[in-house]
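Starting off with a structure, shown below.
The values are calculated or read from the model by the stated rules, or taken from the named source; none is laboratory data. Computed from a prediction, not measured in an experiment: that's the story for all the values here. Don't worry about glycine lacking a Cβ; one is built from the backbone with ideal geometry, like all the others, and counts go over all protein chains shown. Protein only, heavy atoms only, side chains kept; ligands, DNA and RNA dropped before computing areas. Shrake-Rupley method; radii C 1.70, N 1.55, O 1.52, S 1.80 Å.
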Amino acid sequence: MSSIIENRQITVGVTGSIAAYKIVDVVSKLVQQGAVVDVAMTSAAVNFISPLTFQSITGREPYVDMWGVHGVKGEAHIELARRTELMLIAPATASTMASLAHGFADDFVTLTALATKAPLLISPAMDSQMWDHDATQINLNLLQERGAHFIGPEQGRLASGQIGTGRLAESQKIIATIKSCLGKLEGDLTGKTVMVTAGGTREAIDPVRYIGNRSSGKMGNALAEAARDRGADVVLITTVPETAPEAVEVVAVESASEMEVAVSDHLERSEVLIMAAAVADYRVDQASEQKIKREHAKNIDLKLVPNNDIIASIATDIVKVAFAAETEDLIDNAKKKLLDKNVNLIVANNVTGEMSGFGSDTNIITILDDRGQIEELPVLSKYSCAMEILDRISDRLGS
Ligand code: CTP
């Protein structure tokens, strides 16, 4: 499966912050995933990191000297600005933000940013006192009003040794936001909201114990990531928020009842619901408010009462996709669930298989639909399975 960033023209503007070295990792990952990356640097950035580093990674000469004869025809920054599909400025200093906000163009980074029509992503890095300053905050607002997207800065330890807001966002987050932005430019799910549930629900027995299941949340996460990469706004309702992909809206839940409420809260804005979560069919009738002590426990009888079937109870006219995680009679069980739950698609997999079990990075899925079609797919990564499922959803949406 090719990456959303393969063959995309991305310009990375690097400015003079100690965090500049971190952006080498971002550029390297973009190149590894097939992007064509040009790097533009301010002269201050060159004090922190050598243009040769970026040249070695990208195989392309960075744009540094705005007075040099760099372009083949016309002015180099105009040529770069024209072919750029997305511009990332990272790390962006307070002074670069000020230049961008007020239209100054006195180095290669700000020149290109002023000349390009491509979306602008800005990842600031500076001391928290500079970040908090009214001047920076006003520049932030101005840039956001004009449509620039900000990634970070994050809280944490700063170069000064102080703790505060001003750290460059993590590479993973920057790359995820690039994918999401590129997806929105021409993805088939742009303008759609896709709700995905992930993980296994936990039904409390007492404050420390629960009834759970073996779902890892990986399939739901892959679906959220793939939908994001195709331009969708993604709401991920999950019991494992710590593993959620970046650049999606995460709603953390534990029990089936909490998941049901969260799904219902986001239903109106969604065009698609994909229930990849393993939802407990039963919950403990009266969970103990205090930890159940051993001395009280000879035999314990837990009375279980049924949970609502979340997807089956949704009457709204959206594309509904359920999963059938089975250990036997895969197709028969899936067909029954397709009807019982009144869904458009059902994704069936045998969870006892080595390549399709819980926690595996691959899956072997069969997709059944309400038009009678049954398609068995080969072993694929969970991301590729997600793309296959989204292809069929996209057809339904008529996009
Ligand atoms: N599901 C749901 N609400 C529930 C239980 C399941 O929305 N209370 C959804 C799951 O997220 C999944 C599909 O229904 O998309 C099938 O879940 P599964 O556990 O395989 O099926 P069940 O309906 O629970 O049937 P059984 O446990 O008997 O196999």
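Out of 315, 334, report the one residue that is touching a Ser or Thr at 6+ places or on another chain (Cβ under 9 Å), within 14 Å of the ligand (Cβ to nearest atom) and farther than 18 Å from residue 213 by Cβ. If you could, list the steps in order and put the result at the bottom.
Values: 315 fails: touching a Ser or Thr at 6+ places or on another chain (Cβ under 9 Å).
Result of the check over 315, 334: 334.
Since residue 356 meets every condition but one in (1) farther than 25 Å from residue 192 by Cβ; (2) out of contact with any strand residue (DSSP E or B) (no Cβ under 7 Å at 6 or more places or on another chain); (3) polar (S, T, N, Q), which condition does it not meet?
(2)
When you go through (1) among the charged types (D, E, K, R); (2) assigned to a loop (DSSP other than H, G, I, E, B); (3) more than 24 Å from residue 387 (Cα to Cα) one by one for residue 332, which number turns out not to apply?
(2)
Looking at this structure, is residue 118 closer than 30 Å to residue 232 by Cα, open to solvent by less than 10 Å² (accessible area, probe 1.4 Å), out of contact with any helix residue (DSSP H, G or I) (no Cβ under 7 Å at 6 or more places or on another chain) and small (Gly, Ala, Ser)? Full working, then the answer.
On the way: closer than 30 Å to residue 232 by Cα: yes; open to solvent by less than 10 Å² (accessible area, probe 1.4 Å): no; out of contact with any helix residue (DSSP H, G or I) (no Cβ under 7 Å at 6 or more places or on another chain): yes; small (Gly, Ala, Ser): yes.
Answer is no for this residue.
Also, I was wondering about something else. Pick from the range 182-218 the residues that are outside any loop (DSSP other than H, G, I, E, B), open to solvent by 20 Å² or more (accessible area, probe 1.4 Å) and among the hydrophobic types (A, V, I, L, M, F, W, C): which of them is farthest from residue 290 (Cα to Cα)?
Here is the first cut: in the range 182-218, the residues outside any loop (DSSP other than H, G, I, E, B) are 182-186, 193-198, 200, 203-204, 210-211, 218.
If we keep only those that are open to solvent by 20 Å² or more (accessible area, probe 1.4 Å) too, we end up with 184-186, 204, 210-211, 218.
With the extra rule that they be among the hydrophobic types (A, V, I, L, M, F, W, C), the set shrinks to 185, 204, 211.
Numbers: 185: 52, 204: 11, 211: 16 Å.
That would be 185.
Report those strands (runs of 3 or more DSSP E) wholly inside the range 338-391 carrying at least 1 residues which are surrounded by 20 or more Cβ atoms within 10 Å (Cβ to Cβ) and at pLDDT 95 or above.
Numbers: elements: 345-350, 365-369, 374-376.
Those strands (runs of 3 or more DSSP E) span 345-350, 365-369.
Consider residue 43 carefully, then state whether it is of a type in the set (Ser, Thr, Tyr), open to solvent by 10 Å² or more (accessible area, probe 1.4 Å) and closer than 23 Å to residue 183 by Cα. Steps first, answer last, please.
On the way: of a type in the set (Ser, Thr, Tyr): yes; open to solvent by 10 Å² or more (accessible area, probe 1.4 Å): yes; closer than 23 Å to residue 183 by Cα: no.
No; evaluated as a whole, the condition is false for this residue.
Among the residues of the range 276-289, are any free of Cβ contacts under 8 Å to residues at least 12 places away in the same chain, among the polar types (S, T, N, Q) and open to solvent by 60 Å² or more (accessible area, probe 1.4 Å)? Break it down stepwise before answering.
Step one: list which residues in the range 276-289 are free of Cβ contacts under 8 Å to residues at least 12 places away in the same chain, which gives none.
Scanning the range 276-289 turns up no residue that is free of Cβ contacts under 8 Å to residues at least 12 places away in the same chain, among the polar types (S, T, N, Q) and open to solvent by 60 Å² or more (accessible area, probe 1.4 Å).
Can you find even one residue in the range 353-363 that is within 24 Å of residue 314 (Cβ to Cβ) and more than 12 Å from the ligand (Cβ to nearest atom)? It would help to see each step written out before you state the result.
Keep residues of the range 353-363 that are within 24 Å of residue 314 (Cβ to Cβ), which gives none.
No, that holds for no residue.
Only one of these is assigned by TED's automatic domain parsing to the domain that holds residue 394, open to solvent by 50 Å² or more (accessible area, probe 1.4 Å) and more than 13 Å from the chain's Cα centre (by Cα): 225, 249, 260. Name it. Reasoning before the result, please.
Details: 225 fails: more than 13 Å from the chain's Cα centre (by Cα); 249 fails: more than 13 Å from the chain's Cα centre (by Cα).
Criteria check complete, one pass: 260.
Continuing with the same structure: Determine, yes or no, whether residue 366 is without any contact (Cβ under 8 Å) to a residue 40 or more places away in the chain, β-branched (Val, Ile, Thr) and more than 16 Å from the ligand (Cβ to nearest atom). Spell out how you get there, then give the answer.
On the way: without any contact (Cβ under 8 Å) to a residue 40 or more places away in the chain: yes; β-branched (Val, Ile, Thr): yes; more than 16 Å from the ligand (Cβ to nearest atom): no.
No: the conditions fail for residue 366.
Could you tell me which residue of the range 122-166 is farthest from the chain's Cα centre (by Cα), considering only residues that are modelled with pLDDT of 95 or more and part of a strand (DSSP E or B)?
Selected residue: 124.
Can you run down the residue pairs with Cβ atoms below 8 Å, 6 or more apart or on separate chains, where the first is in the range 31-46 and not assigned by TED's automatic domain parsing to the domain that holds residue 107 and the partner is not in a strand (DSSP E or B)?
none
All but one of (1) outside the structural domain of residue 92 (by TED's automatic domain parsing); (2) in contact with a Pro (Cβ under 7 Å, 6 or more places away or on another chain); (3) more than 17 Å from residue 279 (Cβ to Cβ) hold for residue 192; which doesn't?
Among (1) outside the structural domain of residue 92 (by TED's automatic domain parsing); (2) in contact with a Pro (Cβ under 7 Å, 6 or more places away or on another chain); (3) more than 17 Å from residue 279 (Cβ to Cβ), residue 192 violates only (2).
Sticking with this one: For residue 116, all conditions in the list (1) under 22 Å from residue 158 (Cα atoms); (2) among the polar types (S, T, N, Q); (3) touching a residue at least 24 places away in the same chain (Cβ under 8 Å) hold save one; what is the number of the exception?
(1)
State yes or no: is residue 334 of a type outside the set (S, T, N, Q), in the same structural domain as residue 257 (by TED's automatic domain parsing), within 16 Å of residue 370 (Cβ to Cβ) and free of Cβ contacts under 8 Å to residues at least 12 places away in the same chain? Walk me through how you get there before you give the answer.
Details: of a type outside the set (S, T, N, Q): yes; in the same structural domain as residue 257 (by TED's automatic domain parsing): yes; within 16 Å of residue 370 (Cβ to Cβ): yes; free of Cβ contacts under 8 Å to residues at least 12 places away in the same chain: no.
No, not satisfied.
Moving on to the next point. State whether the residues of the range 173-196 include one that is within 16 Å of the ligand (Cβ to nearest atom) and either of a type in the set (Ser, Thr, Tyr) or in contact with a Lys or Arg (Cβ under 9 Å, 6 or more places away or on another chain) (or both).
From the range 173-196, those within 16 Å of the ligand (Cβ to nearest atom) are 194-196; that's our starting set.
Within this subset, residues satisfying the condition of being either of a type in the set (Ser, Thr, Tyr) or in contact with a Lys or Arg (Cβ under 9 Å, 6 or more places away or on another chain) (or both) are 194-195.
Taking every residue of the range 173-196 in turn, at least one turns out to be within 16 Å of the ligand (Cβ to nearest atom) and either of a type in the set (Ser, Thr, Tyr) or in contact with a Lys or Arg (Cβ under 9 Å, 6 or more places away or on another chain) (or both).
Quick one: residue 71 ticks every box in (1) modelled with pLDDT under 95; (2) in a helix (DSSP H, G or I); (3) surrounded by fewer than 20 Cβ atoms within 10 Å (Cβ to Cβ); (4) not β-branched (Val, Ile, Thr) except a single one, so which number is it?
Among (1) modelled with pLDDT under 95; (2) in a helix (DSSP H, G or I); (3) surrounded by fewer than 20 Cβ atoms within 10 Å (Cβ to Cβ); (4) not β-branched (Val, Ile, Thr), the lone unmet condition for residue 71 is (2).
Additional query: Name the single residue, out of those in the range 74-103 being modelled with pLDDT of 95 or more and part of a loop (DSSP other than H, G, I, E, B), that is surrounded by the most Cβ atoms within 10 Å (Cβ to Cβ).
Checking each candidate, the answer is 84.
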